[in-house]
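See structure below.
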Amino acid sequence: MITELLNRFEPDGDVLLRAISAHVTDEMLERISRADYGDRAREHLATLKVLRETGGFPKNMYWVPMEVLELTRWSDPDANIRPGKTAEFGHWIRAFSCAAILRAEHEPWNYKHNDGCTDSTAIQLIFSLEALPIHLNREAARNFAWVLLRSDPEGKEKIQDESVREFGVALLWFALHLDPPAPDDDLISLAQWTSRRADELKWNPALAEFSGLKQMVIRCQERPVWELFGVNLAELDLGGRSPDLQTWVRLIAEQLVD
């Protein structure tokens, strides 16, 4: 059962946002608060400070603070370096925004206005976490295990959550970076489940010629972002890991890139 496997990662929906928040400054929050051309910046900033300190969202969060968090998700920290700052500054901002969005989509807030961009939020979060000087692999693995448990991982619902594919790949990525290492058998099972669920879920009728992970065409941003991630996965040093695990990781990477 996939639920038993996910529970072995000690799932926690708050641990990642809490860990990122510890590094987010008032200046970073102010930058986020002005993402919508400065509109209602004071309201956004006040709410963002509460979010950073408590991990909580306001009851009516559709515009404040979700509008600026979602806009910040699309930022490119490496291309938009401000004077006196480095890309790290922007990656903390984007990681905070993406982690917050993913958290808001589940209980007790159940935010439903993300316009089908959950998969894009996940990949933006992955790349920002990889760019940061502090390793949050365990927190990220626990977070994605928790999100998966709340995204119908067994596929029992009539309307299935298609993001489980991306969440599965994300969990596999961070689990491969854990220290001490996660058991190879667990990671093989996770990779097998991810590949199977990708084949079971259909993406877009217009893309019927594609199958499996290749259907992870991001609805809100261009597919090459996931293709680039597939390249990174293929280049990951798995020396010392079992041949079976290496084979499964390579298979998923090829599905993302092809």
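The values are calculated or read from the model by the stated rules, or taken from the named source; none is laboratory data. Source: prediction; values computed, not measured. Glycine also receives a Cβ, built like all others from the backbone with ideal geometry; neighbour counts cover every protein chain displayed. For accessibility, only protein heavy atoms count, side chains too; no ligands or nucleic acids. Shrake-Rupley method; radii C 1.70, N 1.55, O 1.52, S 1.80 Å.
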Segment residue 196-residue 53, extension gain: residue separation times 0.36 nm, minus the distance between their alpha carbons: 47.6 nm
Accessible area of the chain divided out per residue, in Å², using a probe of 1.4 angstrom: 47 Å²
Given the -39500 (n - 2.57) contribution per DSSP H run of 4+ residues, what per-residue ellipticity at 222 nm results for the chain, rounded to the nearest 500 deg cm²/dmol? -17000 deg cm²/dmol
Report, in degrees rounded to the nearest 10, the 0 to 90 angle that the Cα long axis of helix 224-234 makes with the longest principal axis of the chain. 50 degrees
How tilted is helix 184-200 with respect to the longest principal axis of the chain? Cα atoms for both, answer in degrees (0 to 90, nearest 10). 80 degrees
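Explain nothing, just the number: relative contact order of the chain, from Cα pairs under 8 Å at least 6 residues apart, as a whole percent. Don't skip to the answer; put the middle values down first.
Details: 325 pairs, mean separation 48.2, N = 258.
Value for the chain: 19 percent.
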R0 of 30 Å, Cβ-Cβ distance residue 25-residue 232: FRET efficiency to nearest 0.05: 0.55
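Given a Förster distance of 25 Å, report the FRET efficiency between residue 189 and residue 12 from their Cβ-Cβ distance, rounded to the nearest 0.05. All intermediate terms of the calculation are to be shown ahead of the outcome.
On the way: r = 21 Å, r/R0 = 0.82.
Efficiency, rounded to the nearest 0.05: 0.75.
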Helix 87-104 axis, angle to the chain major axis (alpha carbon atoms, nearest 10°): 80 degrees
FRET efficiency for residue 115 and residue 179, using Cβ-Cβ distance with R0 set to 41 Å, rounded to 0.05: 0.65
What shape does the range 22-151 have by the C-alpha gyration tensor, where a ≥ b ≥ c are the square roots of the eigenvalues, rounded means a/c under 1.5, and otherwise prolate means a/b greater than b/c and oblate the rest? oblate
